[in-house]
Amino acid sequence: RIAYVNGRYVAHAEASVHIEDRGYQFADGVYEVCEVARGYIVDMKRHLDRLDRSLRELSIAWPMNRAAMEIVIVEVIRRNRVKNGLVYLQVTRGVASRDFLFPADTRPSVVITAKKVDPAALAKRAENGIKVITVPENRWDRVDIKSVGLLPNVLAKQKANEAGAHEAWFVDADGTVKEGGSSNAWIVTGDGALVTRPAEHGILRGITRTTLLDVAAKLGLRVEERGFTVAEAKAAREAFISSATTLAMPVVAIDGDPVANGHPGSVALSLRQAFFDIAEKRPA
Ligand code: PMP
């Protein structure tokens, strides 16, 4: 495998950044994960728009211009022969002697990697659906920034894994579901409306979420952007999560209680089915 690190294509096994990179010391950086499907990069424009927003919010400069970044992304995919998989892109404030304040003239560090994912394995998981657990929200209030500071997410997802589940939903003190450790959360109500929490604050505005809203409009589904509680989700007709790595992925159990009949819902599966056609695709 080949990785791109600060201007060079290097063997993945030997790729490294300096010990005083601020990403390493302070989680002072941001990232993106894009899906690659059937030889296309999915929704690259939206991912790079969000990267731009994350960088701006933290006053980190682009490590190169956007056109160059797109060329490097395509090149990393090509060099790794990825037709179906993921691209990971990380930008940190760069390397500087450890100090909380922004360094004066440091160039941001950039790392781009790509890996293959077996689409059949992912399809299989969607056929079976996944289980989620709920955990109290314990993150800071700027989770709209896609920062590499993911310790609460690591702990929550580890806890889910140890409970035999795939995802953990962060839940507010009043019982409303925020989002998953690495995904957005959705339900389908008894009368067929799609419900997902507004993305103005308190969650990451998922690119898959945004594109699924386009898909829902195309399919003529009713959408309610509002909060929902764990109790409402357990009593819903369907529940599912969304992310670039899972796409629309049915949820069949919440904290051990089945959602509806405990089988993947048809709305989630039809959104999953229609996603690729409606998403923006760029040949990789
Ligand atoms: N919320 C969180 C906390 C995430 O980490 C992710 C995945 N990066 C998402 C939502 C889903 O975002 P996207 O659809 O852009 O992958």
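What's the number of the only condition in (1) within 10 Å of the ligand (Cβ to nearest atom); (2) farther than 18 Å from residue 46 by Cβ; (3) not in a helix (DSSP H, G or I) that residue 152 fails to meet?
Result: residue 152 fails condition (3) only.
Pull out all pairs, ordered by first then second residue, where Cβ-Cβ is under 7 Å, the residues are six or more apart or on different chains, the first lies in the range 132-158 and is without any contact (Cβ under 8 Å) to a residue 40 or more places away in the chain, and the second is exposed (fewer than 15 other Cβ atoms within 10 Å of the Cβ).
Matching pairs, first to second residue: 135/159; 152/138.
For the range 41-73, how many residues are within 16 Å of the ligand (Cβ to nearest atom), crowded, with 17+ Cβ neighbours inside 10 Å and of a type outside the set (S, T, N, Q)?
11
List every residue pair whose Cβ atoms lie under 7 Å apart, where the two residues are 6 or more positions apart in sequence or sit on different chains, the first residue falls within the range 171-194 and is over 11 Å from residue 134 (Cβ atoms) and outside the structural domain of residue 224 (by TED's automatic domain parsing), and the second residue, located anywhere, is modelled with pLDDT of 95 or more and within 15 Å of the ligand (Cβ to nearest atom).
none
May I ask you to say which residue of 76, 33, 91, 87 is buried (at least 21 other Cβ atoms within 10 Å of the Cβ) and within 13 Å of the ligand (Cβ to nearest atom)?
Step by step, each of 76, 33, 91, 87 is checked, and only 87 is buried (at least 21 other Cβ atoms within 10 Å of the Cβ) and within 13 Å of the ligand (Cβ to nearest atom).
Looking only at the range 236-245, decide whether some residue is within 16 Å of the ligand (Cβ to nearest atom), in contact with a Pro (Cβ under 7 Å, 6 or more places away or on another chain), assigned by TED's automatic domain parsing to the domain that holds residue 128 and under 30 Å from residue 54 (Cβ atoms).
Within the range 236-245, one or more residues are within 16 Å of the ligand (Cβ to nearest atom), in contact with a Pro (Cβ under 7 Å, 6 or more places away or on another chain), assigned by TED's automatic domain parsing to the domain that holds residue 128 and under 30 Å from residue 54 (Cβ atoms).
Quick check: anything in the range 189-202 among the β-branched types (Val, Ile, Thr), surrounded by fewer than 23 Cβ atoms within 10 Å (Cβ to Cβ) and part of a helix (DSSP H, G or I)?
Looking through the range 189-202, none of the residues is among the β-branched types (Val, Ile, Thr), surrounded by fewer than 23 Cβ atoms within 10 Å (Cβ to Cβ) and part of a helix (DSSP H, G or I).
Can you tell me which residue is farthest from the ligand (Cβ to nearest atom) among those in the range 170-216 that are within 23 Å of residue 253 (Cβ to Cβ) and of a type in the set (Ser, Thr, Tyr)?
My answer is 189.
The values are calculated or read from the model by the stated rules, or taken from the named source; none is laboratory data. These numbers were taken from a predicted model, which means no experiment stands behind them. Methodologically, a virtual Cβ is constructed for each residue, glycine included, from the backbone with ideal geometry; neighbour enumeration extends over all protein chains shown.
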